[in-house]
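The values are calculated or read from the model by the stated rules, or taken from the named source; none is laboratory data. Owing to the predicted nature of the structure, the values given are computational and were not obtained by experimental measurement. Here the Cβ positions follow ideal geometry from the backbone for every residue, glycine too, while neighbour counts run over all protein chains shown.
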């Protein structure tokens, strides 16, 4: 059976992950799955058994339990056409527990190509998020939640970035530059 290809996309909140993932999807045919978007959709879905729990975690800037996120990702991958699939998984894994849970749920049923890390200065991300918060309607685009999210990112997600560096599967792009400049480097990674 043909296994789907997965590229994990990590970076701090506001690092430009969503913007670049849309460009990668449009140009290279990857299905863009945002862990955060899937969680927000599940939270809003009528009758969701996880909705209230997800809301509490997101508001507190904490990471949602891994079983929930992995199951939402797997369901979305299957719905998008598992076989011959190419997936960008944006904002996941967020911590070591996520990575362990992913390996337990997915095992060797996918091919992990690499982890794409968007490296961006905190002050740039904060400015982007506050600007987005003026129009997004997202409950976590406010200064208090943003600062909590930065701390969670540094404490929890940077060890994931380091683990992919150690196994030679980390690709780093400086993303505190203009979108088109960042895209030139991103595009090159996917052409190879």
Regarding segment 32-51, can at least one residue be identified that is in contact with a strand residue (DSSP E or B) (Cβ under 7 Å, 6 or more places away or on another chain), modelled with pLDDT of 90 or more, surrounded by 15 or more Cβ atoms within 10 Å (Cβ to Cβ) and over 24 Å from residue 142 (Cα atoms)? yes
What's the number of the only condition in (1) under 12 Å from residue 33 (Cβ atoms); (2) surrounded by fewer than 18 Cβ atoms within 10 Å (Cβ to Cβ); (3) in contact with a helix residue (DSSP H, G or I) (Cβ under 7 Å, 6 or more places away or on another chain) that residue 78 fails to meet? (3)
Within segment 132-146, track down each residue that is loosely packed, with under 14 Cβ neighbours inside 10 Å and either touching a helix residue (DSSP H, G or I) at 6+ places or on another chain (Cβ under 9 Å) or part of a helix (DSSP H, G or I) (or both). 134, 135, 136, 139, 142, 143, 144
Failed item, numbered, when residue 102 is tested on (1) buried (at least 19 other Cβ atoms within 10 Å of the Cβ); (2) closer than 23 Å to residue 41 by Cβ; (3) touching a residue at least 60 places away in the same chain (Cβ under 8 Å): (3)
Residue 118 is checked against (1) more than 17 Å from residue 30 (Cα to Cα); (2) in a helix (DSSP H, G or I) and fails just one. What number does that condition carry? (2)
Residue 113 being farther than 23 Å from residue 37 by Cα, surrounded by 12 or more Cβ atoms within 10 Å (Cβ to Cβ) and touching a residue at least 12 places away in the same chain (Cβ under 8 Å): no
Can you spot a residue in segment 160-170 that is without any contact (Cβ under 8 Å) to a residue 60 or more places away in the chain, surrounded by 17 or more Cβ atoms within 10 Å (Cβ to Cβ), in contact with a strand residue (DSSP E or B) (Cβ under 8 Å, 6 or more places away or on another chain) and not in a loop (DSSP other than H, G, I, E, B)? yes
I'd like the full set of residues that are farther than 21 Å from residue 86 by Cβ, part of a helix (DSSP H, G or I) and either under 17 Å from the mean Cα position of the chain (by Cα) or in contact (Cβ under 8 Å) with a residue 40 or more places away in the chain (or both), limited to segment 171-192. 179
Which count do you get for residues in segment 98-128 that are more than 21 Å from residue 69 (Cβ to Cβ) and under 18 Å from the mean Cα position of the chain (by Cα)? 7
